[in-house]
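**Student:** Here it is, the structure, as structure tokens.
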Amino acid sequence: ILKVKNYLVDNAEKIIRDMTDTANDNHNPKLSPEELEQFIQKNTQFLVLLADSLQGSRESAEEELKQWSKQTGEEEAKLFRRFSNIMKPYPNRRLIFLQKISQISMEHGLSTEDVIKVNNRFCYLMDVSMAETISAYEMYRDKSIKDHQREINALSAPIVPIQDGVAVLPLIGAIDYTRVQHLLNYVVPTIPDLKIDYLIIDFSGTMAIDMEIAQHIFTIHNVLGLLGIHVLFSGIRPNLSMTVVKAGIDFTSFNTYGSVKMAINSLK
């Protein structure tokens, strides 16, 4: 088994190139020359890690492979590749890989029992690697999506000063729980620093809002009122009005206008 291990380490790149040629002959997705070279180098590292596991414990090999797989998963996520495209050729490549390892093991005189032992070790570690790669891929993509969402929230709810003491908060797009939390936690606390007396919250760019979110929006109205800031609402569409009524919110105490222009004129 140690002879097999040494052979795999010494000839890792050649073995991977041979297997890659076989995989391409079996109509696997074609790669550009650059992608092909990156694929070969990455899988050469992978084969060396698997081969080294034959000399050490399975546990120590597992830890090394997890680190390698985590990095691989993050790299794939950074390239925005669909994971289904990564997984599609995996069964065929795995089969070719195990066939090649079995052939090399038998050429080095390993018994059937030892060939099975080597293959079992490699199968287990390949599954560990795949699971870690998927986990790292998903974690990176989830974090990336959350970061982008925070940026979108910041861009879709800017405070726009329009004249002395007056600013507009245009709400753009669908208002969901995440957006409302962003308003409460990041936007509202900055308003007192703007030294304004009137804030116009404009709903013209909002297509939909549910009853729970409507309650939160009008909570913002009350919070700003306690800070001495007069809040005016503009651009509330008929469907939004129905949601507000169903939520049991009393409109009579609010200043509402059809447009931002009408709200500004009312202040004059």
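**Student:** About the Cα centre of the chain, what is the dipole size in debye to 20, counting +1 per Lys and Arg Cβ and -1 per Asp and Glu Cβ, all else neutral?
**Tutor:** That gives a dipole near 500 debye.
**Student:** Report, to one decimal in Å, the Kirkwood hydrodynamic radius for region 59-200 based on all distinct Cα pairs.
**Tutor:** Kirkwood hydrodynamic radius for region 59-200: 19.8 Å.
**Student:** Among GLY109, PHE218, LEU49, whose Cα projects farthest towards the positive end of the dipole of the chain, with charges put on the beta-carbon of Lys, Arg (+1) and Asp, Glu (-1)?
**Tutor:** Result: PHE218, furthest along the dipole toward the positive end.
**Student:** While we're looking at this one, here's another question. If we restrict to alpha carbons, what Rg and Dmax does region 122-220 come to, in Å?
**Tutor:** 19.8, 71
**Student:** Here is a further query. Which of these values of Kirkwood radius over Cα pairs in Å was calculated from the structure shown: (1) 23.5; (2) 20.1; (3) 18.5?
**Tutor:** Correct label, based on the coordinates given: (1).
**Student:** What percentage of the solvent-accessible surface of region 186-252, computed with a 1.4 Å probe over protein heavy atoms, is contributed by carbon and sulfur atoms?
**Tutor:** Roughly 60 percent of what the probe reaches on region 186-252 is carbon or sulfur.
**Student:** Now a separate question. Given a 1.4 Å probe, how much area per residue of region 207-268 is accessible, in Å²? Mind showing how you got there, number by number?
**Tutor:** Values: 3570 Å² over 62 residues.
It amounts to 58 Å² per residue over region 207-268.
**Student:** Would you mind putting 138-151, 158-171 in packing order, based on average other-beta-carbon counts within 10 Å, highest first?
**Tutor:** Top to bottom by mean Cβ count within 10 Å: 158-171, 138-151.
**Student:** Choose one of VAL9, PHE233, PRO189: the residue whose Cα lies farthest towards the positive end of the charge dipole of the chain (beta-carbon charges +1 Lys, Arg; -1 Asp, Glu; about the Cα centre).
**Tutor:** Going by the Cα projections, it comes out as PHE233.
**Student:** Taking θ = phi - 60°, what integer Hz values does the Karplus form 6.51 cos²θ - 1.76 cosθ + 1.60 yield along region 62-73, in sequence order, with x for Gly and Pro?
**Tutor:** Computed from phi, the couplings for region 62-73 are 4, 5, 4, 5, 4, 4, 4, 5, 4, 4, 4, x Hz.
**Student:** Okay, helix-only estimate at 222 nm for the chain: each DSSP H run of n ≥ 4 adds -39500 (n - 2.57), divide by all residues, round to 500 deg cm²/dmol; what do you get?
**Tutor:** On the way: 11 runs with 171 residues, N = 268.
Mean residue ellipticity at 222 nm (helix-derived): -21000 deg cm²/dmol.
The values are calculated or read from the model by the stated rules, or taken from the named source; none is laboratory data. What you see is a predicted model; the values in this text were computed from it and never measured. With ideal geometry, Cβ positions are generated from the backbone for all residues, glycine too; neighbour counts draw on all protein chains shown. We work out accessible area using only protein heavy atoms, side chains counted, and drop any ligands, DNA or RNA first. Shrake-Rupley method; radii C 1.70, N 1.55, O 1.52, S 1.80 Å.
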